[in-house]
1. Can you give me the number of residues within the stretch 19-44 that are assigned to a helix (DSSP H, G or I) and either among the charged types (D, E, K, R) or crowded, with 23+ Cβ neighbours inside 10 Å (or both)?
2. So which of 97, 119, 105, 114 is within 16 Å of residue 306 (Cα to Cα), among the aliphatic types (A, V, I, L, M) and surrounded by 20 or more Cβ atoms within 10 Å (Cβ to Cβ)?
3. Quick one: in the stretch 45-85, of everything that is among the β-branched types (Val, Ile, Thr) and part of a helix (DSSP H, G or I), which residue is nearest to residue 142 (Cα to Cα)?
4. Is there any pair linking a residue in the stretch 307-318 that is among the β-branched types (Val, Ile, Thr) to one that is crowded, with 20+ Cβ neighbours inside 10 Å, with Cβ under 9 Å and at least six apart or on different chains, and which?
5. Which of the following residues is more than 17 Å from the chain's Cα centre (by Cα) and closer than 25 Å to residue 346 by Cβ: 37, 13?
6. Could you tell me which of the residues 247, 243 is within 17 Å of residue 382 (Cα to Cα) and at pLDDT 85 or above?
7. Which of (1) touching a Leu at 6+ places or on another chain (Cβ under 9 Å); (2) modelled with pLDDT of 85 or more; (3) closer than 29 Å to residue 50 by Cα does residue 287 not meet, given it meets every other one?
8. Could you check how many residues of the stretch 226-243 are surrounded by fewer than 23 Cβ atoms within 10 Å (Cβ to Cβ) and either on the phi > 0 side of the Ramachandran plot or of a type in the set (Gly, Ala, Ser) (or both)?
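The values are calculated or read from the model by the stated rules, or taken from the named source; none is laboratory data. These numbers come from a predicted model, not from an experiment. Glycine gets a Cβ as well: all are built from the backbone with ideal geometry, and neighbour counts include every protein chain shown. Just the protein is used for accessible areas: all its heavy atoms, side chains included, with ligands, DNA and RNA removed. Shrake-Rupley method; radii C 1.70, N 1.55, O 1.52, S 1.80 Å.
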Amino acid sequence: MTISLAGLNLLLASIFILALGRVIEHLPGLRQLNIPASVIGGLTCSVLLSGLSFYTPIQFEFGLALRDACLLIFFGALGFTAQIKRLQQGGRTLAILFGITVIFLVLQNITGVLVASLLQQPLIYGLLAGTIACAGGHATAITWGTVMEAHGFTDAVEFGSAAATLGLVLGGLLGGPIAQRLIHRHQLQAELPELFLNDTAQTEETVPTTLDSVMGAAVLLALALSLGLGLHTLLLRWGIIIPSFLPVLIAGATLTNLLDALKVTVHQSVIRLSGNVTLQLFLVMSLMSSQWLTLADNAGPLIAILAAQSLVMVMFASFIVFPLVGRDYDATVLCAGFTGLGLGATPIGIANMQAITDQYGASSKAFVLIPLMGVFCLDITNSVIIEGCLQLPFIVL
């Protein structure tokens, strides 16, 4: 017996599972870990479904077109946060984060390739479980996995998708505890909201949400998706392989800066809310559809590489990121976001920060810098680094 979840059924199930995650996160012991509700709910569901498939004849199949659409909407909304004036406000900390991120991406691929070599596995597995899946996420893993399968690595998409899923889980599980440990160890607390955002952005938050503002935001997001997907199709025709969300993100960033230059008001609060909703739904759908039983063939190399990546991330966030970005409360929230960025891609980084700030207080600085990192550094830089790694003589594709 096969149960199919797709479209409206998948959406309804995801909403209920997200609500379940919000209930479970308040259980004794879990609340203190600051793990996003979407991660808790999605992971709980996937474990239950995997157990049901193993012990009964019931099997589950998922149509994930809606999940992929949620990812595109999230990145379109994320692009609208990438205003040049906000980039300038990031200043020195953003420059430091950029340098740190480049170093970490290189280190992540070195770690993956090194562990794959020690396990006598194809070095391609090290890249797949490096920045392709961890920093890149599912879309990047599927994109490059398809390319690698065309070169003879028959299970590249499956391995990359499994690595992205496990990275998503680890990024969500580790980000909150890392930040919490730093907060308690250094006795830090949130300060009063600083004037990090410009006056226009602060004033915009006080504007009531109306049907016109929602429709305006919907039109802008639709325009960003249309332009981004069109650009993606064009790039593919030119032989340039990048995940589909990246052009959408760039289109959103271009539109928001163009409108800002033309003095056109953009209701950022509505766009951010749209991004947050689709972010949570994307995470739930990604995790609940995880087929853990299919990982058996590559479980050893996959677990070993991701365990090494997790150890590197914990050490890097605690001893490199935290001291270099300020050793204050904002730095701890940045560490939670950076952990999500590095192991589970941009969506999980933002979910981590939301979980921390819900309990300990706001960090406007972190919520400006981490999305900017996702827009201007991580995804674009990662694409360049992946291309560079594939040109190395000892990486045989």
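1. Looking only at the stretch 19-44, we keep the residues that are assigned to a helix (DSSP H, G or I), and these are 19-24, 31-33, 37-44.
Adding the requirement that they be either among the charged types (D, E, K, R) or crowded, with 23+ Cβ neighbours inside 10 Å (or both) leaves 21-22, 31, 37-43.
Adding up the residues that qualify gives 10.
2. On the way: 97 fails: within 16 Å of residue 306 (Cα to Cα); 119 fails: surrounded by 20 or more Cβ atoms within 10 Å (Cβ to Cβ); 114 fails: surrounded by 20 or more Cβ atoms within 10 Å (Cβ to Cβ).
Criteria check complete, one pass: 105.
3. Applying the filter and picking the extreme gives 73.
4. Matching pairs, first to second residue: 312/104; 312/108; 312/111; 312/342; 314/174; 314/178; 314/339.
5. On the way: 37 fails: more than 17 Å from the chain's Cα centre (by Cα).
Answer to the selection: 13.
6. It is 247.
7. Condition (2) is where residue 287 drops out.
8. 3
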